[in-house]
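Have a look at the structure below before the remarks.
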Amino acid sequence: MQNILIDADTGIDDSIAILFALKQPGVRVVGVTTGCGNTSAAQAAENTLRLIHLAQPPYNVPVAIGANAPLVGQWDGPVPHIHGNNGIGDVELPVSPQKPLAEPACDLIIRMVRKHPHQLTLVTLGRMTNLALALEKAPDIVPLVKNVVFMGGTLHHPGNVSPVCEANLAGDPEAADLVFRAGLDLTMVGLDVTMQVRLTAHHLDMLEKYAREENRPIAAYIRQAMKVYYQFNRLQNNCLDHCPVHDPLAVLAAVDPSLVTIRRAPARVECGGTFCRGMVVADFREHPIDAPYLSICTEVDARKAVEKLITAFT
Ligand code: BDR
Ligand code: CA
């Protein structure tokens, strides 16, 4: 059994990642923490609770609300043109009887790492603020974390919020750089690979056709939420009835590392500049900068990844 804790800014692609993790055999989600990004940290938690209720896992998944601002500066606010007004494509999922914990996200991260020493994979799908706060508060957890897989950043692919920056890292560069410097086993699932994997209208048809009886509400939810996400991707990226697979690919890579090819290099996150604030700086020189090594996903088996994603519900 692989234990994972997910940190998310529960928008549309986060929601599919969470549902996949809850349905993938051999995976146990020990908790979900939320932060601001696609939506507020509180709305992300509300969305997460409803998604857990929709998935009905046979065990309890605690949800904790985290940072509603980056380490430096303020959150810019939600992005309804990408993720709808509620973060999950304006789909009104049934309310969950479960409530978020009173415990803040960073404390849940610390508690779960200590509860599962060397056996917990942390997967971050938004800004790294909650993880950075946990590391600041309890630096002793670093050697206890099995590994961290994050969706964010880009090495060679163009950025999505500036020519060289991806949204999750640009949203809190200081937090990301703190995590990069911590000395964790850290894997980047960035735009280099997430832009290679596409969820198409045909895939949605297959999901609805083959979804197990108990997963039919999930298939219907994904179909509905995708309307907003497809529209954004059509207007912004010329995608005709398909979209990149960002956050689900981070969970997929955490669960099945054979899906991706990795290059390793010392890396930091640029915390200054106008166009480069939030950029991943990986050093492939013979005598690189003094920084911990980052595992960077550079290639992905796109067909296998998307089929594995859909098969979790069939
Ligand atoms: C990332 O930004 C968010 O909008 C998505 O949920 C994903 O985590 C892609 O750049
Ligand atoms: Ca996200």
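Bear in mind these aren't lab numbers, they're just calculated from the coordinates by the rules spelled out. Just so it is clear, the model here is predicted, and its values are computed rather than measured. Cβ placement follows ideal geometry from the backbone for every residue including glycine, while neighbour counts extend to all protein chains displayed.
Placing a label point 7 Å from the Cα of Lys304 along the Cα-to-Cβ direction, the residues of region 262-281 with a backbone N closer than 19 Å are 262-264. Using the Cβ-Cβ distance between Thr274 and Arg114 with R0 = 41 Å, the FRET efficiency computed as 1/(1 + (r/R0)^6) comes to roughly 0.50. One Cα centroid belongs to region 42-102, the other to region 156-228; the line between them spans 16 Å. For region 2-311, the Cβ-based charge dipole about the Cα centre amounts to some 580 debye (Lys, Arg positive; Asp, Glu negative; other atoms uncharged).
For the chain, with a Gaussian network of springs between Cα atoms less than 10 Å apart, report the residue from Ile289, Ile18, Ile82 with the top mean-square fluctuation. Comparing Ile289, Ile18, Ile82 in a Gaussian network model of the chain, the most mobile one is Ile289.
Length gained on full extension, Tyr293 to Met1: 102.4 nm, using 0.36 nm per residue less the C-alpha separation. For region 85-204, DSSP calls about 10 percent of its internal beta bridges antiparallel.
If you run the Gaussian network model on the chain, springs between alpha carbon atoms under 10 Å, then out of Met206, Met279, Met151 the most flexible one is Met206. Here the chain carries DSSP beta bridges of which approximately 35% are antiparallel, counting only pairs with both residues inside. Amide H to amide H, with H built 1.01 Å from N, Gln2 comes under 5 Å of Val27, Arg28, counting only residues 5 or more places away or on other chains. Using the Karplus relation 6.51 cos²θ - 1.76 cosθ + 1.60 with θ = phi - 60°, the per-residue 3J(HN,Hα) values for region 54-63 come to 5, 7, 6, x, x, 8, 7, 10, x, 10 Hz, with x marking Gly and Pro.
Let a ≥ b ≥ c be the square roots of the eigenvalues of the Cα gyration tensor of region 1-152; is it rounded (a/c under 1.5), or, if not, prolate (a/b larger than b/c) or oblate? Verdict is oblate for region 1-152. Once you put a point 7 Å from the Cα of Glu136 and another 7 Å from the Cα of Ala102, both along the Cβ direction, what distance in nm separates them? Each label point is offset 7 Å from its Cα along the Cβ direction, giving 2.4 nm. First check a/c for region 84-223, with a ≥ b ≥ c the square roots of the eigenvalues of its C-alpha gyration tensor; if it is under 1.5, answer rounded, and if not, answer prolate when a/b is larger than b/c or oblate otherwise. Oblate is the answer for region 84-223, as a/c is 1.5 or above yet b/c matches or exceeds a/b. Taking the average, over residues, of other Cβ atoms within 10 Å as the packing measure, peptides 208-221, 102-115, 64-77 rank 102-115, 64-77, 208-221 from highest down.
Within the listed set Leu93, Leu178, Leu155, the residue fluctuating most in the Gaussian network model of the chain (springs between alpha-carbon atoms under 10 angstrom) is Leu93. Is the shape of region 2-311 best called rounded, prolate or oblate, per the rule: a/c under 1.5 gives rounded, else a/b larger than b/c gives prolate, else oblate, with a ≥ b ≥ c the square roots of the Cα gyration tensor eigenvalues? Judged from the Cα gyration tensor, region 2-311 comes out rounded (a/c under 1.5).
Between Leu240 and Glu208, the FRET efficiency from the beta-carbon distance, with R0 = 35 Å, is close to 0.95. For a paramagnetic label modelled on Asp76 (point 7 Å from Cα along Cα→Cβ), amide N atoms under 17 Å away belong, within region 133-175, to 152-154, 158-175. Only helices enter this figure: runs of n ≥ 4 DSSP H residues, each worth -39500 (n - 2.57), summed and divided by the residues of the chain, yield -11000 deg cm²/dmol at 222 nm to the nearest 500.
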